[in-house]
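Notes follow once the structure below has been shown.
Every read-out reported here was derived from the displayed coordinates using simple, explicitly stated rules and does not represent laboratory data. These numbers come from a predicted model, not from an experiment. For neighbour counting, all protein chains shown are included, and Cβ atoms are generated from backbone atoms with ideal geometry for every residue, glycine included.
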Amino acid sequence: MSSPNADKPYNLDLFFELSADLLCIAGYDGYFKKINPAVSKLLGYTPEELLARPIHEFIFTGDKDVTARNRESLLNDTPLLNFENRYVTKSGEIVWLSWTSMPVADQQVVFAIAKNITHKKKLEEERDQLIDDLAQTNNDLKHLAYMTSHDLRTPVSNLLLGFDLMDLSKIKDDDTLMFIDVLKSAAESLKTTLNNYVDVLIQKSTQNIITEELNVNDSLAIVLRSLNSLLFSSRVTINTDFSAAETVVFNRAYLESVFLNLISNAIKYARPEVGPQINIYTERENGKTKLIVADNGLGFDMIKVKDRLFGFNQKFGNNADSKGIGLYLVYHHITSLGGEITVESKLNAGARFIITFK
């Protein structure tokens, strides 16, 4: 049985008039022949103004040539799909349109539908600008890292030379000799660290970060020697247990930097009334090696810090020595080589950093 309305003609003009998209019929002569209200509303011209002038007069100057080339293809019976160009409204505003056009040669007209994608383009521009800004910031930071790591080696070398020129036989006080030995050891560790950083920067510039099997305890010992004075003055207790996994495959400088930042942070943010204690140990889980660094310090309010914990220049305490870079470096070192790092913490209940190696 046929529908009672089967032979009743439909008013298809309603689709044309009510569509939020821009619908138009253009002639091969370059003029609009018919437009829907959305065209007039967006461009700000009356229908009479739009029909009276050549279409190319409404197109943004920078897009006229590419539009003309695509129009030639269109008039050669080639449909135009998702072609984007800019139009200038009556008020001078630039809008982006995405066109789908179909030529009808025997009628010498083009049926076209356009979507207003101005908002999308603005988001893309903001994204591109953000990417450019981040790239520039990254280059600036890389340059600063090169400069700092390289240039600091000269004064450190001079400092070590001063120790070598010192005639220790003339010094009779044992405490003074011990103090000089501590300073020399710290300077040697600093020089080694700077050399390692320069090596890593060179590796990164060639996208070739060297990893190797490292003894966790040996890497930790190097860092503890460089922190000898800080460890002594803070009276920190450090407990270690690497029986579950004595080695990890990682970058040497990165691992030492991870230890350096997590240990110095644990001491820096110790609770005043409680002696600092740091537990460092390894675990094996599902075939992966985990390194845990846990302290009994001030900890974090994880609800407040959320995803900011490893952000650049993020500070979570009132320590004047804090620069907000340490945890950012730790996160970067771990994740850049395919690892993961998570944190378990509560205020005044310490923090537990769990590092899972690739």
Point-to-point label distance, residue 125-residue 73, nm (Cα→Cβ direction, 7 Å offset): 2.5
Net lengthening on full extension, residue 182/residue 349 (0.36 nm per residue, minus Cα-Cα): 56.9 nm
Gain on full stretching of the segment that runs from residue 212 to residue 325 - 0.36 nm per residue minus C-alpha separation: 38.1 nm
Nearest-20 debye value, region 15-116 charge dipole, Cβ charges on Lys, Arg, Asp, Glu: 160
Per-selection metrics, region 15-116 (Cα): Rg and Dmax in Å: 12.5, 37
Distance between modelled label sites at residue 242 and residue 171, nm, 7 Å Cα→Cβ extension: 3.1
Near-label residues of region 96-122 by backbone N, under 16 Å of a point 7 Å along Cα→Cβ of residue 132: 121-122
Per-selection Kirkwood Rh - region 73-114 (Cα, Å, 1 d.p.): 11.3
Over region 211-358: Kirkwood hydrodynamic radius from C-alpha pairwise inverse distances, Å: 15.5
